[in-house]
Amino acid sequence: MPGRRKKICVVVASRANLARVTTVLEAVREHPALELQVIAAASVLMERFGSAVNVLEAAGFVPDAKIPFVIEGQTPAMMAKSTGLGLLELPSALERLQPDIVLTVADRYETIATAIAGAYMNIPVAHTQGGEVSGSIDESVRHAITKLSHLHFPATELSARRVLAMGEDPRYVFNVGCPSIDLVARSRPGTRRDALLNHCGPGSPIDPEQPYLLVMQHGVTTEYGHGLAQMTATLRAVTSLGMQALVFWPNVDAGSNEVATGIRQFRDQGLARRCQFFRNLPAEDFARLMTHCACMIGNSSAALREGAYLGTPAVSVGTRQRDRECGPNVVFTSHDPLGIAEAVRTQIAHGRYQRSHLFGSGTAGRAIADILATVTPPVQKRLHYDPAALLAAPAPV
C-alpha cells in the first residue's frame, strides 16, 4: 500500500546471530520506509549460553516475540528436534506479525527453521552470508537456505558468485559485505589495559599489563563424539604456551556439551589459573579483545571474518572453518597440541596483519536496509540458468 512502511522481521536466535545482524537492526529501525520487527529465539534466551537477549534489549531492541525452541542435550538428534520445534513455533509469531520480509542469518538450524517457515507462508525470505563454504553440517544448511530464500546478501564477491551458480536470480543477489564488520569498524579499540579491565576486574587472574590469548572453540556436528578430545588438545596447547587466556564457552550446537566438559576438566585439574571464562560479551567489546589479543585460537568464524578486518593473528583448529575464505591472518592446523602451540608461536612472532576488506568495510547494515526498502522479490522463485550452456555441457558419467 502506498505510504505504508514495509515490515521487516529479523529473527535473532544465537549470540553469533546478534553480532552478525546488529547494524541491520539499527539501519532498519532508522529507515523511514521500514518498520522493524524482532523475534528473539532459541539460545538467545538461555542463561547458560550468555542470555544474549539482554544485550539485544540493552541496545533498545524490544522483541515482538520470544520463542524458546532449543531442546536440551546438544546431540545431533536434539538439533533436529529443535529445528522441528522452531517450525512449530515460528509460524505462529509470523502469522501474528504479518511481516513483508523475514530476514535470517547464516547457517544454523534456527536459520533453516526460519527460512522454511517464511517460504511456506509466502513471506519473502532475506538471507545474509549465503554462498560461503565451511565445515560441519552448517555448509549444507547454508546452501539449503539459499534455495529457500528470495533476497540474498552474501558477504564476499566469491560467495555472491556461488549463489548465482546455484541458479539464483541476479536481480536479487547483493554483495554488501558482512554486518559484523560494521561493528568492528566503528569500535574504539582503546588500549589493551582498558579492554581487559572492562571485563577482568579485581580478583581476575588476568594481568592487564601482559599479552593474552583468546580461545573460542565449538563442537563440530559432523564429528560428534570427538569434541572432548578436540577441546582438550587445544587447552593443552594453551597450557604449554604459558600465557594467560580468555576462554569462551561453546555455542549450542551438537557436541557443545563435550567441549564444555573439556573446559571443566581443564579447570578441575588446576590448569586454568591464568584463564578467565566468558559466556557472552557485547560484539563491540569482543572486537576490542580481538584487537589486542596476541593470537586467537579455536574454530570460530570470527577469527576469519572480523579477524581479517582487525588483522588479528589466528590459528584455526580442525575442519570447522577449513574451506572458508579468509585473509592472510589465519593459519590452519589439526587437533595436535604440539602443532597448535607451534602455530600460535609463529603467529605471535609475526604480530598483527595488514587489514583486509575481504568481508566488507563497515557499510553492510545500511546497504541491506536500503535494499530491503526498495526491492520486493516475488514469492514464486525460478531457477536461473542458461539452457544452451546446460545442453552443451558433457553428460555426467
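Derivation of every value follows stated rules applied to the coordinates shown; laboratory data play no part. Worth saying up front: this structure is predicted, and the values here are computed from it rather than measured. Cβ atoms come from the backbone with ideal geometry, glycine included; neighbour counts cover every protein chain shown.
With θ taken as phi - 60° and the Karplus curve 6.51 cos²θ - 1.76 cosθ + 1.60 applied, the whole-hertz 3J(HN,Hα) list for the stretch 119-126 is 4, 5, 9, 6, 9, x, 9, 9 Hz, x standing for glycine and proline.
By the count of other C-beta atoms within 10 Å, a proxy for reagent exposure, Arg142, Arg29 are ordered fewest to most as Arg29, Arg142. Under 20 Å from a label point set 7 Å out along the Cα-to-Cβ vector of Arg322, the amide N atoms of the stretch 337-368 belong to 337-344. For the peptides 155-165, 298-308, the ranking by packing is 298-308, 155-165, with the highest mean count of neighbouring Cβ atoms within 10 Å listed first.
Within a straight-line Cα-Cα reach of under 24 Å, Lys381 can be paired with the following lysines, leaving aside sequence neighbours fewer than 8 residues apart in one chain: Lys6, Lys7, Lys147. Count the net charge of all other residues whose Cβ sits under 11 Å from the Cβ of Val133, scoring Lys and Arg as +1 and Asp and Glu as -1. Residues close to Val133 contribute a combined charge of -2.
In this structure, the amide hydrogen of Val315, modeled 1.01 Å from its nitrogen in the peptide plane, lies closer than 5 angstrom to those of Met296, Ile297, Gly298, Val331, counting only residues at least 5 positions away or on a different chain. For the stretch 61-67, 3J(HN,Hα) computed residue by residue from phi via the Karplus equation (6.51, -1.76, 1.60; θ = phi - 60°) reads 9, 7, x, 7, 7, 10, 10 Hz, glycine and proline entered as x. Label reach from Leu390 (point 7 Å along Cα→C-beta): in the stretch 163-185, amide nitrogens under 16 Å belong to 164-170. Residues considered: Pro124, Pro189, Pro387. Largest GNM mean-square fluctuation over the chain, using C-alpha springs under 10 Å, is found at Pro387. Of the residues Thr104, Thr232, the one with the fewest other Cβ atoms within 10 Å heads the list, and the complete ranking is Thr232, Thr104.
For Val38, the residues whose modelled amide H falls within less than 5 Å of its own, excluding neighbours fewer than 5 places apart on the same chain, are Val10, Asp64, Ala65. Val55 sits among other residues whose Cβ lies under 12 Å from its own Cβ, and their net charge, with Lys and Arg +1 and Asp and Glu -1, is -1. Each Cα pair under 8 Å and six or more residues apart adds its sequence gap; the mean of these over the residue count of the stretch 190-350 is a relative contact order of 25 percent. Of all lysines in the structure, those lying under 21 Å Cα to Cα from Lys81, and not within fewer than 8 positions of it along the same chain, are Lys66. As a rough footprinting exposure proxy, the listed residues Met231, Met46 were ranked by other beta carbons within 10 Å of their own, and the order from fewest upward is Met46, Met231. Each residue of the stretch 179-189 was assigned a 3J(HN,Hα) from its phi angle through the Karplus expression (A = 6.51, B = -1.76, C = 1.60, θ = phi - 60°), giving x, 5, 5, 4, 5, 5, 5, 9, 6, 9, x Hz with x at Gly and Pro.
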